[in-house]
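*Asks:* Here you go, one structure.
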Amino acid sequence: MSVTVRVPAKVNVQLAVGAARADGFHDLANVFLAVGLYDEVTVTPADELRVTCEGPGSDQVPLDRTNLAARAAELLAARYGIAPDVHIHIAKDIPVAGGMAGGSADGAGALVACDALWGTQASCGELLDICAELGSDVPFSLVGGAALGTGRGEKLEPLEVGGAFHWVFAVADGGLSTPAVYREFDRLTPVAPDPEASPALLDALRTGDVAGLAASMVNDLQPAALSLFPSLKDTLAAGTAAGALAALVSGSGPTTAFLARDADSAREVADALLASGTCRAARVADSPAQGAVLV
Ligand code: C5P
């Protein structure tokens, strides 16, 4: 018997970053939007815990106990006093190390899949607690849709979304380390104001106003990501020249996100980005998308 769970990628339409806290994390006002690019996590009983991965970039995915999917299985098993003996297989479609929460998605997916396989029937609150222990973005991967994340991003408040938004994601050649991007943010931002969600942006999401969303999107990590990965400026410029309404680095990058007027425009922007030679791949996806679901 095996269980498969599908989990979406995310884009941060607003990532407001405050000063570093005593624990090293940063307080955030993080407006998450789940987008329709998915990993699928399948768990099957096995003699011992092991992880395999297939799909684009899968050679860069760690298959040891540092993989968030493996840690999710271990944390759930420890809570219920059972052995985490499962084979976790990840079918990857979310760009790896790209700032789209692919690793977090696999953690949330493995958690839901193991819960179903083992019949542990953890409550939603317990699952969210384990997600928060796994990483700041993991609770959002579980719930999907749209949400405002505060604290280090793990405290979620669901947000209403009044329509579909059409995106293009340009996959960069190479990755960026999230801690390194935050360190660069600290270097570039000696005094960071308290992070606050933008009322205009929340309003645009609620009413499905694509122009309003384009005008209010902002990522405070973008200067740091561009400082460490300067060629991303060319990618952003290529997408804007092709008609994207807004262009920004996704999370800590190096994936870049482009908001398009409609589905046709998204395909045009994707074609132009590929032709520009400023990215390795361009993916079209819609939002919002559902969180982790059994398939
Ligand atoms: O929570 P997660 O493991 O995804 O965080 C990865 C790294 O990103 C942290 O070790 C920290 O360096 C940085 N981070 C941060 N503030 C946050 C979230 C992440 O500084 N709110």
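*Asks:* Any idea which of VAL43, VAL35 is touching a residue at least 40 places away in the same chain (Cβ under 8 Å), more than 14 Å from the ligand (Cβ to nearest atom) and farther than 30 Å from ALA215 by Cβ?
*Replies:* After applying the criteria, what remains is VAL43.
*Asks:* Would it be correct to say that LYS155 is without any contact (Cβ under 8 Å) to a residue 24 or more places away in the chain and in contact with a strand residue (DSSP E or B) (Cβ under 9 Å, 6 or more places away or on another chain)?
*Replies:* Yes.
*Asks:* Let me ask something additional. Any residue that is aliphatic (A, V, I, L, M) and within 21 Å of GLY36 (Cβ to Cβ) - is there at least one of those in segment 179-201?
*Replies:* yes
Every residue, every condition in (1) in contact (Cβ under 8 Å) with a residue 12 or more places away in the chain; (2) within 13 Å of the ligand (Cβ to nearest atom); (3) on the phi > 0 side of the Ramachandran plot, yes or no:
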position	(1), (2), (3)
GLY145	yes, no, yes
GLY151	yes, yes, yes
GLU160	yes, no, no
LEU188	yes, no, no
PRO195	yes, yes, no
LEU201	yes, no, no
ASN219	yes, no, no
LEU226	yes, no, no
LYS233	no, no, no
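*Asks:* Condition (residue is closer than 21 Å to ALA108 by Cβ and assigned to a loop (DSSP other than H, G, I, E, B)) applied to segment 162-174: is it met by at least one residue?
*Replies:* No: zero hits.
*Asks:* State which residue is nearest to the ligand (Cβ to nearest atom) when the search covers only segment 90-105 and only residues that are surrounded by fewer than 24 Cβ atoms within 10 Å (Cβ to Cβ) and at pLDDT 95 or above.
*Replies:* LYS92
*Asks:* With respect to LEU205, is the statement that it is touching a residue at least 24 places away in the same chain (Cβ under 8 Å), within 15 Å of the ligand (Cβ to nearest atom) and assigned to a helix (DSSP H, G or I) true?
*Replies:* No, not satisfied.
*Asks:* Taking segment 129-139 on its own, how many of its residues are assigned to a helix (DSSP H, G or I) and within 11 Å of the ligand (Cβ to nearest atom)? Before the answer, list the steps.
*Replies:* Step one: filter segment 129-139 for residues assigned to a helix (DSSP H, G or I), giving 129-134, 138-139.
Among the residues that remain, those that are also within 11 Å of the ligand (Cβ to nearest atom) are: 131-134, 138-139.
Total satisfying the criteria: 6.
*Asks:* Another one. Go through (1) buried (at least 20 other Cβ atoms within 10 Å of the Cβ); (2) small (Gly, Ala, Ser); (3) in contact with a Gly (Cβ under 9 Å, 6 or more places away or on another chain) one by one and return the number of the condition ALA16 breaks.
*Replies:* Checking ALA16 against (1) buried (at least 20 other Cβ atoms within 10 Å of the Cβ); (2) small (Gly, Ala, Ser); (3) in contact with a Gly (Cβ under 9 Å, 6 or more places away or on another chain), the one that fails is (3).
*Asks:* Condition first: of a type in the set (S, T, N, Q) and in contact (Cβ under 8 Å) with a residue 24 or more places away in the chain. Now tell me which residues in segment 235-247 satisfy that.
*Replies:* THR235
The values are calculated or read from the model by the stated rules, or taken from the named source; none is laboratory data. The model shown is predicted, which means the values in this text are computed figures rather than measured ones. Neighbour counts run over all protein chains shown; Cβ positions are idealised from the backbone, glycine included.
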